[in-house]
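See structure below.
The values are calculated or read from the model by the stated rules, or taken from the named source; none is laboratory data. Remember, predicted model here, so these are calculated numbers, not experimental data. Quick reminder, even Gly has a Cβ in these numbers, built from the backbone with ideal geometry, and neighbours come from all protein chains shown.
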Amino acid sequence: MTTPWLEDARALQAKTVAFRRDLHQHPELGLDLPRTTAAVRAALQGLDVEIVQGTSNSGLIVTLKGDPQGSTILLRGDMDALPMDEDTGLSFQSRVPGAMHACGHDAHTAMLVSAVHLMHAHRERLGGTVKFMFQPGEEGDFGARHMIEDGLLDLAPMPSAAFAIHVSPNIPSGVIASKPGAFMASPDQVAITLKGQGGHASTPHLARDPIPVAAEIVMALQAFVARRIDAFDPVVLTIAKIEAGTTHNVIPESAHMLGTLRSFSERARIRAHEGIHRIVSKIAEAHEMVGEAVITAGYPVTMNDAAFVARVKAVTQDLLGEKGFRDMPSPVMGAEDWSYVLQRLPGCMVFLGVAPPEVKPAHAHSCHSNRMLMDEDAMAHGVALHAAIAEQYLASVR
């Protein structure tokens, strides 16, 4: 059933690659992506689709109507880039200083645009409506939540299921990987401030030096994670930035730390929050200082619906063969605001392997690397899978 989708997706490959490379050269950040949104609109010009934009951001919902008696499925591609310089040396490297598509969102958008074209050309195969969610602000700006709050998911006909693809350079090219249940983590930001008393570096006893106390807190937090958090309900806590002091002979008055907490359950998340606050305040107090931790909640855990993952596995193996789908043994500690959509609709996210052919997947530069590369040939698999999932779902829920 699904083989023609792959053949037709490969026929679109040149256009998919060209669109991806155009976006790659012109990355945009955050919730306002005027050039990217205009490029999507231009690429869909002439197709019989409806396009609605939200009021608070650049997000688009593109609707392709099939059988009016059928159900509706939502497919998503995020569009924003990361605030970093690119060091790939590609001929189509980013032309925007301080911005790079290092997480594959250019590929996500290009695959979804081609999926619109593919399904538009074969609307007679669709037993319902397909909605395409072109989303900004995934990289920390809560773009999916903004689109939901704008009411874009509630527009008639409302979707009854949702599906998304995320590329991964650390999975063999063209292979689809996923799992039921927790798929990606919740990411909370941890900011710690220590207030001591400054003084001369030659007389530390007359000051209250926050630097060794900061180091003690970092080690205590790691011991807490290892000894007080259930190993089968894990968290990852990383202190990634420490700032203190101005010169070699001055004890600073304060120290500041910044880090991230990743978890797969609310139980572990709450326990970690409590432990962080307790350790920071009590260790600081033991050294006659004041310590405060401020934890800013990030996205929820991305939870895949088990039945929908089973559906995707069957469709993928029909499309790509038995080895085309890989069961993930565990979730990943990265995070996704697709989690907000999956709180409202049954569905799932999968990874599409895009490891460069000359590199072992485990050695490939990962997403968020300034040297991240991908095998563009794999995008045809993503385009075809979007269409195959939509066709199968709409046929099965009539």
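See the values below:
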{"item": "Strands (runs of 3 or more DSSP E) contained in segment 131-203 and holding at least 1 residues closer than 26 Å to residue 395 by Cα, at pLDDT 95 or above and polar (S, T, N, Q)", "result": "176-178"}
{"item": "Where a residue in segment 286-312 is over 20 Å from residue 195 (Cβ atoms) and its partner, wherever it lies, is assigned to a loop (DSSP other than H, G, I, E, B), with Cβ under 6 Å and at least six apart", "result": "299/337; 301/264; 302/336; 304/180; 305/346; 306/180; 308/346; 309/180"}
{"item": "Qualifying position, being farther than 14 Å from residue 217 by Cα, basic (Lys, Arg) and touching a helix residue (DSSP H, G or I) at 6+ places or on another chain (Cβ under 8 Å), among 271, 267", "result": "271"}
{"item": "Options 81, 102: the member that is without any contact (Cβ under 8 Å) to a residue 60 or more places away in the chain, farther than 30 Å from residue 158 by Cβ, buried (at least 24 other Cβ atoms within 10 Å of the Cβ) and among the hydrophobic types (A, V, I, L, M, F, W, C)", "result": "81"}
{"item": "Selected residue (criterion: farthest from residue 244 (Cα to Cα)) from residues of segment 193-230 that are of a type in the set (Lys, Arg) and touching a Lys or Arg at 6+ places or on another chain (Cβ under 9 Å)", "result": "228"}
{"item": "Pair list, Cβ < 9 Å and 6+ apart or interchain, from segment 29-58 residues that are of a type in the set (S, T, N, Q) to residues that are exposed (fewer than 14 other Cβ atoms within 10 Å of the Cβ)", "result": "55/151; 58/34"}
{"item": "Residue satisfying condition, being closer than 30 Å to residue 271 by Cβ, out of contact with any Cys (no Cβ under 9 Å at 6 or more places or on another chain) and in contact (Cβ under 8 Å) with a residue 40 or more places away in the chain, within set 204, 136, 187, 180", "result": "187"}
{"item": "Which numbered condition residue 298 misses (of (1) out of contact with any Lys or Arg (no Cβ under 8 Å at 6 or more places or on another chain); (2) closer than 23 Å to residue 103 by Cβ; (3) not in a loop (DSSP other than H, G, I, E, B); (4) not charged (D, E, K, R))", "result": "(3)"}
{"item": "Residue that is farthest from residue 129 (Cα to Cα), among those in segment 344-393 that are of a type in the set (Val, Ile, Thr) and outside any helix (DSSP H, G or I)", "result": "359"}
{"item": "Hey, residue 329 within 23 Å of residue 180 (Cα to Cα) and either surrounded by fewer than 15 Cβ atoms within 10 Å (Cβ to Cβ) or among the aromatic types (Phe, Trp, Tyr) (or both) or not", "result": "yes"}
{"item": "Odd one out for residue 218, checked against (1) in a helix (DSSP H, G or I); (2) farther than 28 Å from residue 272 by Cβ", "result": "(2)"}
{"item": "Flag for residue 270 being under 18 Å from residue 190 (Cβ atoms), without any contact (Cβ under 8 Å) to a residue 24 or more places away in the chain and either outside the structural domain of residue 138 (by TED's automatic domain parsing) or crowded, with 21+ Cβ neighbours inside 10 Å (or both)", "result": "yes"}
{"item": "Boolean, residue 364 is buried (at least 16 other Cβ atoms within 10 Å of the Cβ), under 21 Å from residue 8 (Cβ atoms), out of contact with any Cys (no Cβ under 8 Å at 6 or more places or on another chain) and not charged (D, E, K, R)", "result": "no"}
{"item": "Filter result for the condition that a residue is on the phi > 0 side of the Ramachandran plot and assigned by TED's automatic domain parsing to the domain that holds residue 126, over 386, 368, 363", "result": "368"}
{"item": "Complete set of residues in segment 13-52 that are touching a strand residue (DSSP E or B) at 6+ places or on another chain (Cβ under 7 Å) and either under 24 Å from residue 99 (Cα atoms) or not assigned by TED's automatic domain parsing to the domain that holds residue 117 (or both)", "result": "27, 37, 40, 41"}
{"item": "Segment 113-130, subset among the small types (Gly, Ala, Ser) and part of a loop (DSSP other than H, G, I, E, B), residue surrounded by the fewest Cβ atoms within 10 Å (Cβ to Cβ)", "result": "127"}
{"item": "Given (1) in contact with a strand residue (DSSP E or B) (Cβ under 9 Å, 6 or more places away or on another chain); (2) surrounded by fewer than 17 Cβ atoms within 10 Å (Cβ to Cβ); (3) of a type in the set (Gly, Ala, Ser), index of the condition residue 143 fails", "result": "(2)"}
